[in-house]
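Just so you know, all these numbers are worked out from the coordinates, no wet-lab data involved. Nothing here was measured: the structure is a model prediction, and the numbers come from that model. Quick reminder, even Gly has a Cβ in these numbers, built from the backbone with ideal geometry, and neighbours come from all protein chains shown.
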Ligand SMILES: Cc1ncc(COP(=O)(O)O)c(C=O)c1O
C-alpha cells in the first residue's frame, strides 16, 4: 500500500523491482494455474437460485385466461410485461417481452432499420450513403461486432463516471446526418460500471440531431444488478425523450439473462408505442408469438416486481464478495505503484482495469502464459483497437472466490512486471 510509484524509483531500485517481478512470474509458472476471468457469466451458484423455474409453470393459463401453450401474443404475456414495466419504470404498453436474448432484439432492430427504416426515417438506413454510430468506450464488444457486421461505422467518445461524454456526443450528432444512433449501457455499464446521470440522460434525450431518425440504443442489461444496498435507479429515458419532443429516439433493452437463466431467460424491449408497433410489425413477419410458457414460468417464479428485487439481492450476496476480492488484491499489490487504476463498481458484472499505456496486450499475454485467461486487450473498443493499449476487462462473477483471489494475484504480478519492463526499457 505504501509502495513507491514506479516513476519515482531510481534506476537501481527499478532494476531490483524488475528482478523481483521476474522471479515472482517464474514462480507463477510453477503453480499450474488454470483460471479464467473472461466470462461475464453467472456462476452455477447464481443459476441455482432460479432452479424452481425448472418445475414451473404449474398452470397453462395466465391471469387473463390466455392459454400460453398456443400461438399468439406477439408482444409477450401481459403479466410479465406489467412486472418488468414496473422494474424498468415504463408503461406496460411500451414493453415487449420476447425470447431469451436482448442482443437478438438489438440485432433485429438494426436489421429493420437497415432494411425498412424507422418510424421517423426518410428512407431505410441501408439506402443512405453512410451510417455511423456513436460508441462510448470502453464498451460492450458485441455491440461493436454487431455494427461491424452491418458495415455501420463507429465513432468513439469517452465514457465517464456519469455516462458518455455528452459534449462530445452533442457536437458529433448536431451536424452529421450520417450519425444515426448511439449505444448506451446506462446502468453499471459494461465494462466501466458507469451510471448515466439524470442530467446526461436529459441532454441526450433533448440534443438536436442532424439525422431526423436518430436512435439511442439504451441497453439496460444491468438495470437491476446492484452490488451494494445503494441501488442506482436508471434515468427514465423514454419520458425524458418524449418530454423533449423526441419520443421515438430511445429503444430500451433488458433481459433476465443474469437474473434467472442466461440461456433460458426473457428479453425485453421498451419504447414509444409507435416504436413498439413498428418493431412488432416487422417481427410478426417471422413469428406468430414468443415462448409464453417461459413467460408464465417467470411470472409464477417471481410473483411480482418485488420478487425480482429480492431475487437480485440473493445474487448480490453471492457475487459482491468476488468484486471485493478483486479490489482487495489489486489494492494490496498495486496500490501506490502508479501502474494501474481500476473501478470499484456498485453494480454490473465487470471491473475495468487500466494499466500503464502500451502494456495491456503484454499483461494479457503474460497472464495467458501462466494459465490465467483474460479478455483480449482491445476487446472493449470498436475494431478491437484500444488506441492506448491500456484497458483490460475483468469478469469475476463466474469463478469461485478462491479462484478470483489466485487469478487477481497473478494479474497483479503481470501488471507490475509489464510496467517495470516498460519503465526499464527491457
Ligand atoms: C451490455 C450488455 N448487453 C447485452 C448483453 C447480452 O444480453 P442477452 O443475454 O439478453 O442477449 C450483455 C451480456 O454480457 C451485456 O453485457
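Odds and ends about this structure:
- Separation in nanometres of the label points that stand 7 Å from Cα toward Cβ, at residue 30 and residue 198: 5.9
- Efficiency of FRET between residue 239 and residue 305 - r from beta-carbon atoms, R0 22 angstrom, step 0.05: 0.75
- At q = 0.08 Å⁻¹ the log10 of I(q)/I(0) for the chain amounts to -0.48, computed by Debye summation with a single uniform scatterer per C-alpha, solvent ignored.
- Taking every alpha-carbon pair under 8 Å whose residues sit at least 6 apart, segment 61-303 reaches a relative contact order of 27 percent.
- Length gained on full extension, residue 332 to residue 314: 3.7 nm, using 0.36 nm per residue less the C-alpha separation.
- Expected 222 nm ellipticity per residue - DSSP helices of 4 or more, -39500 (n - 2.57), all of the chain, to 500: -13000 deg cm²/dmol
- In degrees, nearest ten, helix 401-424 long axis to first principal axis of the chain (Cα): 60
- Sequence-separation-based contact order of the chain, relative, with Cα cut under 8 Å and 6+ spacing, percent: 27
- FRET E, pair residue 178, residue 119, Förster distance 22 Å, beta-carbon r, rounded to 0.05: 0.65
- Angle between the chain longest axis and helix 78-88 axis [Cα atoms, degrees, rounded to 10]: 40
- Stretching residue 64 away from residue 273 to a fully extended chain increases their span by 73.1 nm, per 0.36 nm per residue minus the current alpha-carbon distance.
- FRET efficiency for the pair residue 13 and residue 344, taken as 1/(1 + (r/R0)^6) with r the Cβ-Cβ distance and R0 = 35 Å, rounds to 0.75.
- Ranked by the mean number of other Cβ atoms within 10 Å of their residues, highest first, the peptides 360-368, 54-62, 219-227 fall in the order 219-227, 360-368, 54-62.
- Segment 286-312 versus segment 1-28: alpha-carbon centroid distance in Å: 53
- Share, in percent, of DSSP beta bridges within the chain that are antiparallel, nearest 5: 50
- Antiparallel DSSP beta bridges within segment 141-298, percent to nearest 5: 45
- Taken as Cα centroids, segment 175-204 and segment 69-113 sit 21 Å apart, rounded to the nearest whole angstrom.
- Which of 119, 185 has the fewest Cβ neighbours within 10 Å, and the rest in rising order: 119, 185
- Length released on extending from residue 373 to residue 51, taking residue separation times 0.36 nm less the Cα-Cα span: 113.0 nm
- In terms of packing, defined here as the mean over residues of other Cβ atoms within 10 angstrom, the peptides 372-379, 165-172 line up highest first as 372-379, 165-172.
- Rounded to 10°, Cα long-axis angle of helix 292-302 versus longest principal axis of the chain: 60
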